[in-house]
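Worksheet: the structure to be examined is printed underneath.
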Amino acid sequence: PFVYRLAHEEGLGGWVRNDRGGVELEVEGEASAVERFFERLGGEAPVLASIAEIRREPLAGGEGGEGGDGEFRILASAGRTAGRVSPSPTEAPLPLSPASIDAPLPPTAVSPDIGPCEACLRELFDAGDRRHRYPFINCTDCGPRFTILRRSPYDRGNTTMAKFRMCEACREEYEDPASRRFHAQPNGCGECGPQLRLIDPRGDVLARGDEALRGVVEALAEERIVAVKGVGGYHLACRADSEGAVGRLREGKRRAEKPFALMSRDLRGALELVKLRAAEGGALCSRERPIVIARRRMNAPVASSVAAGCRDLGVMLPSTPLHYLLLGDLAEAGHGPGTEGVPERERGAALVMTSGNVSEEPMVHRDEEAVERLGGIAELVLGHDRGIEVRADDSIVRAVDPAASERPLPIRRSRGYAPGAIELPIVSPPLLACGAQSASTFCVARGRRAWPGQHVGELGNWETLKAFREGIEHFEELFEVRPEMVARDLHPDYLSSAYAVERAEREGLECVAVQHHHAHFAACLAEHGVTGPAVGAIYDGAGLGEDGTIWGGELLAGDLGGVERAGSLFPVRLPGGEAAVREPWRMACAWMVAAFTSTAAPTPPPPAAIAGGVEGGRWEQVGELARTGTASPVTTSVGRLFDAVAAMCGIRLAVREEGRAAMELEDAAALEEKDAYPLAIREDERLVLDARETIRAILDDLDRGTPVGVVSGRFHNALADGTARALGELA
């Protein structure tokens, strides 16, 4: 549509169409007008346009086939042929230079789903507009994209909107070059587009349209739990200030401790929940609409069980018009923060808005599954008849420096960002990468582009593995990647590794096992467009090392193709194996055994914060495991070091979710603390970050009654300073 308008403004003839390699067009006219056209093409592109490359080829008069009468047309989309530019509509081939013949075009970029634009929001709340309160309002600048797309190119017939026949008014907009909805593929209205429906746990439809929305608002006001269909799947929602509703939601989802995300109606409402600085506020209001992690306000009107023990909250703004209506109506009903004495359009409101699933299962996105899988948790389901082809959970970001203007780093990359491509610093063969086990995703690549898939989750059950497989199939179709090679994690027991091996054997593909921390290292290089050499610190919970031990605190030196393990955290035992992940006090015991090996007592006595929380004799038994190595593999995991310090401080002796102890230790840190504990760096076969002296200093401080916040701050500073010194030496 943009090309069409531009060509008409410059008085050019020709044609434009989507093809699976991008947008293909032909223009003809005065040379000066053609040059202005190309200048404006790159400089005035629409909000959602991403122009990676413009290729120009001169055509002799009439060679392009269509055109010649001075008119400019939009033609039907064409498929790709043998990796080259598609023939023109009359089958006369476009003249190609040898370079362009040899260089296959990249597949068409697929836009992520984008939150409602300001123009659509104005219409949504304008009582005189024909789309007043229409929950699926969209235009070429916003709305669903990736999650409704069945196949490329992005035309209505290839989306889940294909079944909706536009009414006369919508068809006129769709065909009017001056309209904001000119060729907006999800275009529709209350007469011809998708409709809401309210469903009870038995699957019976209770109401439709605006009446369905009113029913959900009443249920939420009464502190009930409802399932709401979003753009990438279903959410489970309840009032954020209701301790009872949040407790029932935790019980239903089987999610004991992990914080819930909140959705606020607007920025005003969000500011009553969290403190926002430049980078955080920018991310919250961005078109991607991610969950933003920010420091909670002391008086934030949310139930304590939303994020117990956390100084931060995860907050997002509505990602669909339906969410705007839902939170707006709830605020109008007098519920949610910021409602008293505030005009309706400016009122805030907050709901818990968490993924519609039971913990460790994928987000529900099919209507037929919503009642079956969520009916035991939600008392009502607010659905609609616009299908979701691909699930996409909410993205999560966090500002590294909240005072800076840089975009925050993604913690979870999904709705709003996927399936955006990453430009690679190398040329890749057609490739599938299968990732690891936790926080799983996948990636396909070819040429100089890689397409990371949306967040999948923990590959621990059949449902999640099925979502993983479906996501791979969809990406391979969208981006025309037929893998010649499959990459997998070095760990053979991951379900992602099993999938990669089975796929490679079935299709005769090369299968490459990649060491876990080298994969992290190489991904960071590629993300920044470099190949190396470099040194890097890769810290996590666990990954199988090349020597068969559990790595997790690694200093690597090398490049995309290979690395040397140049350093690591001091290795200690993991007493009881996986039990040490669930019981951080075991790691405290292991680190204390390592820190006091020269003492007469085989196992040092537990710190005061642990002594009362561990049954008699168990501390000594675990100490014996750590000393002898029985059922206790060696680990260099930094994550387990955090667990140990958290247990020594009395923050967490046991966890239900990995990483919880480390999160709460970070939350406890006194940010103003500048001192750091000693952290020795010594050379053995490699550099070793020897935290044994750090452990001894921590215990001394705790014995003196030093506040836990100070201890945590000094520990974080010690690890940061020690890492920087070690990397400096290696560099």
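Given the conditions (1) more than 17 Å from residue 356 (Cα to Cα); (2) open to solvent by less than 20 Å² (accessible area, probe 1.4 Å); (3) among the β-branched types (Val, Ile, Thr), and given that residue 388 satisfies all but one, which numbered condition is not satisfied?
With respect to (1) more than 17 Å from residue 356 (Cα to Cα); (2) open to solvent by less than 20 Å² (accessible area, probe 1.4 Å); (3) among the β-branched types (Val, Ile, Thr), residue 388 is out only on (1).
Suppose we filter 191, 218 for residues that are in contact with a Cys (Cβ under 7 Å, 6 or more places away or on another chain) and open to solvent by 50 Å² or more (accessible area, probe 1.4 Å); which single one remains? Write out each step before concluding.
On the way: 218 fails: in contact with a Cys (Cβ under 7 Å, 6 or more places away or on another chain).
When all the criteria are applied, what remains is 191.
Quick check: anything in region 317-324 modelled with pLDDT of 95 or more, among the hydroxyl-bearing types (Ser, Thr, Tyr) and in a loop (DSSP other than H, G, I, E, B)?
Yes - at least one qualifying residue is present in region 317-324.
Take the residues in region 251-268 that are part of a helix (DSSP H, G or I) and in contact (Cβ under 8 Å) with a residue 12 or more places away in the chain; name whichever of them is farthest from residue 116 (Cα to Cα).
Filtering region 251-268 down to residues part of a helix (DSSP H, G or I) leaves 251-253, 267-268.
So of that shortlist, the ones also in contact (Cβ under 8 Å) with a residue 12 or more places away in the chain come out as 252-253, 267-268.
Values: 252: 31, 253: 29, 267: 15, 268: 18 Å.
Here the answer is 252.
Got a number for residues in region 486-506 being in contact (Cβ under 8 Å) with a residue 24 or more places away in the chain and acidic (Asp, Glu)?
1
In the list 502, 477, 463, which residue meets the criterion of being open to solvent by 20 Å² or more (accessible area, probe 1.4 Å), part of a helix (DSSP H, G or I), farther than 27 Å from residue 554 by Cα and modelled with pLDDT of 95 or more? Step through it out loud before you land on a result.
Values: 477 fails: modelled with pLDDT of 95 or more; 463 fails: modelled with pLDDT of 95 or more.
The match here is 502.
Taking region 431-449 as the region of interest, how many residues are at pLDDT 95 or above and touching a helix residue (DSSP H, G or I) at 6+ places or on another chain (Cβ under 9 Å)?
Going through region 431-449 one residue at a time, the tally reaches 6.
With 239, 202, 208, 224 as the choices, which residue is open to solvent by 10 Å² or more (accessible area, probe 1.4 Å) and under 25 Å from the mean Cα position of the chain (by Cα)? Lay out the reasoning, then the answer.
On the way: 202 fails: under 25 Å from the mean Cα position of the chain (by Cα); 208 fails: under 25 Å from the mean Cα position of the chain (by Cα); 224 fails: under 25 Å from the mean Cα position of the chain (by Cα).
That would be 239, the only listed residue that is open to solvent by 10 Å² or more (accessible area, probe 1.4 Å) and under 25 Å from the mean Cα position of the chain (by Cα).
Kindly provide the set of residues from region 570-592 that are under 20 Å from residue 680 (Cα atoms) and outside any helix (DSSP H, G or I), ordered by number.
Correct list: 570, 571, 572, 573.
Tell me, yes or no, whether region 120-143 has at least one residue that is at pLDDT 95 or above, within 20 Å of residue 287 (Cβ to Cβ), of a type in the set (S, T, N, Q) and open to solvent by less than 40 Å² (accessible area, probe 1.4 Å).
Yes, the conditions are met somewhere in region 120-143.
Just wondering, is there one or more residues in region 648-668 that are under 30 Å from residue 360 (Cα atoms), open to solvent by less than 10 Å² (accessible area, probe 1.4 Å) and of a type in the set (Gly, Ala, Ser)?
yes
Pull up region 563-620, narrow it to residues that are closer than 22 Å to residue 651 by Cα and of a type in the set (D, E, K, R), then point me to the one that is modelled with the lowest pLDDT.
615
Has region 521-538 got any residue that is open to solvent by less than 50 Å² (accessible area, probe 1.4 Å), among the small types (Gly, Ala, Ser) and free of Cβ contacts under 8 Å to residues at least 24 places away in the same chain?
No.
Please go through region 26-41 and give me each residue that is open to solvent by less than 50 Å² (accessible area, probe 1.4 Å), within 19 Å of residue 52 (Cα to Cα) and assigned to a helix (DSSP H, G or I), ordered by number.
Residues satisfying the conditions are 37, 38, 41.
List pairs: first residue in region 656-672 and farther than 15 Å from residue 539 by Cβ, second residue in a loop (DSSP other than H, G, I, E, B) and among the acidic types (Asp, Glu) anywhere in the structure, Cβ distance under 7 angstrom, at least six positions apart or on different chains.
Listed pairs, sorted by first residue: 656/257; 657/257; 660/257.
Could you list, in sequence order, the residues of region 567-593 that are buried (at least 19 other Cβ atoms within 10 Å of the Cβ) and touching a strand residue (DSSP E or B) at 6+ places or on another chain (Cβ under 7 Å)? Explain how you work it out, then say what you get.
Our first condition is that a residue be buried (at least 19 other Cβ atoms within 10 Å of the Cβ); within region 567-593, this holds for 567-570, 572-576, 580-581, 583-593.
Within region 567-593, 567, 568, 569, 570, 572, 573, 574, 590, 591 meet the criteria.
Sort out which residues of region 107-119 are farther than 30 Å from residue 447 by Cα and open to solvent by 30 Å² or more (accessible area, probe 1.4 Å), and write them in order of number.
So in region 107-119, the residues farther than 30 Å from residue 447 by Cα come out as 115-119.
Answer for region 107-119, where residues must be farther than 30 Å from residue 447 by Cα and open to solvent by 30 Å² or more (accessible area, probe 1.4 Å): just 118.
What tally of residues in region 359-371 results from selecting those that are surrounded by fewer than 19 Cβ atoms within 10 Å (Cβ to Cβ), at negative phi and in a loop (DSSP other than H, G, I, E, B)?
Adding up the residues that qualify gives 2.
The values are calculated or read from the model by the stated rules, or taken from the named source; none is laboratory data. Note that the structure is predicted; figures quoted are calculated from it, not measured. Virtual Cβ from ideal backbone geometry, glycine too; neighbours counted across all protein chains shown. For accessibility, only protein heavy atoms count, side chains too; no ligands or nucleic acids. Shrake-Rupley method; radii C 1.70, N 1.55, O 1.52, S 1.80 Å.
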